[in-house]
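Report on the following structure.
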Amino acid sequence: MTDIKSLSRAELAALVAELGEPSFRAKQIFTWLQKGVEGFDEMTNLSKPLRRKLEERCTLSVPVVERRQVSRLDGTIKYLWRLADGNCIETVIMRYKHGNTICVSSEVGCLMGCAFCASTVGGLVRRLTPAEILDQVIFSQKDSGLKISNIVLMGIGEPMDNLDAVLRFLELVNDPEGLNIGMRHISLSTCGIVPGIQRLGGLDLQLTLSVSLHAPDNETRNRLMPVNRAYPVEELFAACHWYFQETGRRISFEYAMIDGVNDHDWQADLIVKQLKGMPGHVNLIPLNDVRESPLKPSKRVAAFQKRLERQGVTATVRRKLGGDIDASCGQLRRKTMGLEE
Ligand code: SAH
């Protein structure tokens, strides 16, 4: 069976030709898929025999809303979707003045094992298909009635661990006849998988690369993020500098402030040193408390920000949204799947 929504435009055209249909059918089918039809019979401008043929050859992914939570504080919406195989993933819509941003998941669970992150509890279950990543945008928009203008790949999973599917997703979501969301409105976040950064840099897309840094020194970063043992800080920054030279795009660094762990002055100074020659942007995130974790939120966020700014590094403190609905990374899936007592 062919997963029809994961096909590129060229692959869909080839399928249509193979079924002995005229080529304009491919565009009709593509349009229906992007609208979030839930069965081939909804494709009413196709002949019934063609709908049957598609049904025999293809699967059509339709995620089901398992839970929907709307924040009373700021209107943030969190979806827990159930996929065809019973697995669940999370998607969050954040409402900003400049438009609605959706945060999508790239995997069911995560392999990366970061000490502070709820998404990695229980490990990686499987990678998502391009259609399952795209469905989060299509069906969130359909269910909420909100128009999505920005996408961040910052949900559950590591996008660079599922890069083929993520790249196909980008191609589909960017399609002028589909959702038509421009690359400049898309951010991709990685825990620091160097070969992934290199591959993405080579493609020279106009999207924003975000790197989850969380510590500028190997000792601390090894402790927080096992991936650092494979790609230590020096290699990570070398890749980031190369990426900037290659694409001319400023990289954004995520930094969750943890009490007594990564919030020392010398660590701010080390960030400044590593960013020399590259216009980076540091996004300071007040750590979201993860239950039963010894890691606690830092009380030095403002001081750390000032120290970076004083030395010429732009740093912002991320505003917290959806605090009343477990809107952060992996928290809702964890509760619903019984990964948390
Ligand atoms: N795997 C990718 C995509 C996930 S993005 C990555 O690591 O970048 C989710 C972001 O939230 C990452 O920057 C992650 O490090 C951060 N994060 C995870 N748990 C957090 C917590 N408890 N508090 C604050 N930020 C957290």
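Within region 287-304, none of the residues are more than 15 Å from the ligand (Cβ to nearest atom), at pLDDT below 95 and within 27 Å of I102 (Cβ to Cβ).
For region 130-153, the set of residues classified as in contact with a helix residue (DSSP H, G or I) (Cβ under 7 Å, 6 or more places away or on another chain) and closer than 23 Å to V211 by Cα consists of P130, I133, L134, V137, S149, N150, I151, L153, listed by residue number.
Just checking, which of I102, I138, I181 is away from the ligand (no atom under 11 Å from the Cβ), surrounded by 17 or more Cβ atoms within 10 Å (Cβ to Cβ) and either part of a strand (DSSP E or B) or within 11 Å of the chain's Cα centre (by Cα) (or both)? Write out each step before concluding.
Working: I138 fails: either part of a strand (DSSP E or B) or within 11 Å of the chain's Cα centre (by Cα) (or both); I181 fails: either part of a strand (DSSP E or B) or within 11 Å of the chain's Cα centre (by Cα) (or both).
The unique qualifying residue is I102.
Cβ-Cβ distances below 9 Å connect the following pairs, each with a first residue in region 262-290 that is free of Cβ contacts under 8 Å to residues at least 12 places away in the same chain and aromatic (F, W, Y), a second residue that is away from the ligand (no atom under 16 Å from the Cβ) and assigned to a loop (DSSP other than H, G, I, E, B), and a separation of six or more residues or different chains: W266/D217.
Pairs linking a residue in region 111-123 that is aromatic (F, W, Y) to a residue that is not in a loop (DSSP other than H, G, I, E, B), with Cβ atoms under 7 Å and 6 or more positions apart or on different chains, are F116/L224; F116/A256; F116/I258. Scan region 154-161 and tell me whether some residue there is within 15 Å of the ligand (Cβ to nearest atom), at pLDDT 95 or above, under 21 Å from L203 (Cα atoms) and not in a helix (DSSP H, G or I). Yes; the residues of region 154-161 include at least one that is within 15 Å of the ligand (Cβ to nearest atom), at pLDDT 95 or above, under 21 Å from L203 (Cα atoms) and not in a helix (DSSP H, G or I).
For region 42-54, the condition holds for no residue, the condition being that it is closer than 19 Å to V173 by Cα, assigned to a helix (DSSP H, G or I) and not aliphatic (A, V, I, L, M).
Run down A268, A256 and say which single residue is of a type outside the set (S, T, Y), surrounded by 17 or more Cβ atoms within 10 Å (Cβ to Cβ), away from the ligand (no atom under 12 Å from the Cβ) and closer than 24 Å to K296 by Cα. First the steps, then the outcome.
Numbers: A256 fails: away from the ligand (no atom under 12 Å from the Cβ).
The unique qualifying residue is A268.
Within region 264-286, the residues that satisfy the criterion of being part of a loop (DSSP other than H, G, I, E, B) and either at pLDDT 95 or above or over 24 Å from A115 (Cβ atoms) (or both) are H264, K276, G277, M278, P279.
Would you check if there is a residue in region 39-60 being β-branched (V, I, T) and within 20 Å of Q141 (Cα to Cα)? Give the derivation first.
Let us first name the residues in region 39-60 that are β-branched (V, I, T), namely 44, 59.
With the extra rule that they be within 20 Å of Q141 (Cα to Cα), the set shrinks to none.
No, because not a single residue in region 39-60 is β-branched (V, I, T) and within 20 Å of Q141 (Cα to Cα).
Cβ-Cβ distances below 7 Å connect the following pairs, each with a first residue in region 30-48 that is modelled with pLDDT of 95 or more, a second residue that is of a type in the set (V, I, T) and part of a loop (DSSP other than H, G, I, E, B), and a separation of six or more residues or different chains: E38/V62; M43/V37.
Across region 105-134, the qualifying residues are those that are under 13 Å from the mean Cα position of the chain (by Cα) and of a type in the set (A, V, I, L, M), and the one among them that is nearest to T31 (Cα to Cα) is L134. Screening N100 with (1) under 20 Å from L170 (Cβ atoms); (2) in contact (Cβ under 8 Å) with a residue 60 or more places away in the chain; (3) of a type in the set (S, T, N, Q) gives one miss only, at (2).
The values are calculated or read from the model by the stated rules, or taken from the named source; none is laboratory data. Keep in mind it's a predicted model, so treat the numbers as computed, not measured. Here the Cβ is made from the backbone with ideal geometry for all residues, glycine too, and neighbour counts use every protein chain on show.
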